[in-house]
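What follows is a short report on a single structure.
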Amino acid sequence: MKKFLLSLGIVLAIMACNQKPDGYTLKGNLTGEVENGTQVFLRKMGDNMQPVDIDTTTIENGQFTFSGASVDSPEMHFLFVDKLLGYTAVILENGEVQITAHKDSLSGAETKGAPQNDYFAKYMDNSRALSKQAMSIQNDIQQATMGQDQAVLTSLNEEMADLQEQAQAYELTYINENPDALISVLLLERVITSRQLPYEEVQAMYDGISPEIKETSAAKKVVEQLEQLKQRAESEKNTEVGAKGSPVFGSNA
């Protein structure tokens, strides 16, 4: 009987671990002096690329909480604090997400506690490190410009160009190595917009994205952009073929 109860307890524990969280919870901790009752706005980007209010809460002793019913798929949202500059990006997903930020640096917030936000935090850690290097080089460039040191300026510009290539390579690598991450699809959208890669390569990267992430609204937007990219590539190819096959007017042949 004891063995049966022990086995039953193990089964129930496994079932509990495998159950998906019912709804989402965002728990925020804002350091610095923020007046009680200050409003916090949860927003997402609308169809016209303007922020749309989803929910509002208030800060009490530096803490705030948003909660809601289950969401069908993860989606990028943003937290704005009344009278404070900037915002915090957070992925709304089922489960509990913990957000920690200083009132003077909302964009530098740390998010953790749920899978998609952990993926996002991993990406942001490396991205911020690259941004910090870029800022340091930019400051050196300004100093070299003021000092009219052309040799140093040339070297720094080359260093900046190399860093930009590293940043692009990092994002492409992240997409390929993290097919289950929503941020991978958002980065892929940026690849399409910037025309970094030809259609075939971008399509191959999208094909590697997991089925679950392909169900997100962000992925569906990428599918539309891929179709436009494909049509543009085919149009350019047909134009090149037409140009090569066109008769040379004015020839004596």
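Details
- Which numbered condition Ile183 fails, given (1) β-branched (Val, Ile, Thr); (2) farther than 19 Å from Glu93 by Cβ; (3) surrounded by 14 or more Cβ atoms within 10 Å (Cβ to Cβ): (2)
- Residue within region 127-137 that is free of Cβ contacts under 8 Å to residues at least 24 places away in the same chain, surrounded by 15 or more Cβ atoms within 10 Å (Cβ to Cβ) and either hydroxyl-bearing (Ser, Thr, Tyr) or not assigned by TED's automatic domain parsing to the domain that holds Val40 (or both) present: no
- Members of region 181-201 found to be hydrophobic (A, V, I, L, M, F, W, C) and in a helix (DSSP H, G or I), listed by number: Leu182, Ile183, Val185, Leu186, Leu187, Leu188, Val191, Ile192
- Of the residues contained in region 100-109, none is found to be at pLDDT 95 or above, surrounded by fewer than 17 Cβ atoms within 10 Å (Cβ to Cβ), out of contact with any His (no Cβ under 7 Å at 6 or more places or on another chain) and over 16 Å from Thr31 (Cβ atoms).
- In region 18-39 there is no residue matching the filter, namely being closer than 24 Å to Lys214 by Cα, surrounded by 14 or more Cβ atoms within 10 Å (Cβ to Cβ) and of a type in the set (Lys, Arg).
- Residues located in region 32-78, provided they are of a type in the set (A, V, I, L, M) and under 22 Å from the mean Cα position of the chain (by Cα): Val40, Leu42, Met45, Met49, Val52, Ile54, Val71, Met76
- Subset of region 55-75 [without any contact (Cβ under 8 Å) to a residue 24 or more places away in the chain and among the β-branched types (Val, Ile, Thr)]: Thr56, Thr57, Thr58
- Residues within region 49-100 that are of a type in the set (Ser, Thr, Tyr) and either under 18 Å from Glu215 (Cβ atoms) or in contact with a helix residue (DSSP H, G or I) (Cβ under 6 Å, 6 or more places away or on another chain) (or both), tallied: 2
- Single unsatisfied condition, Gln143 versus (1) surrounded by 15 or more Cβ atoms within 10 Å (Cβ to Cβ); (2) in contact with an Asp or Glu (Cβ under 9 Å, 6 or more places away or on another chain); (3) assigned to a helix (DSSP H, G or I): (1)
- Pairing residues of region 213-226 that are in contact (Cβ under 8 Å) with a residue 60 or more places away in the chain and hydroxyl-bearing (Ser, Thr, Tyr) with residues that are assigned to a helix (DSSP H, G or I) and surrounded by 12 or more Cβ atoms within 10 Å (Cβ to Cβ), at Cβ distances under 8 Å and at least 6 apart in sequence or on separate chains, gives Thr216/Leu182; Thr216/Val185.
The values are calculated or read from the model by the stated rules, or taken from the named source; none is laboratory data. If you're wondering where the values come from, they're calculated on a predicted model, not measured in any experiment. In this analysis, Cβ positions are derived from the backbone assuming ideal geometry, glycine residues included, and neighbour counts consider all displayed protein chains.
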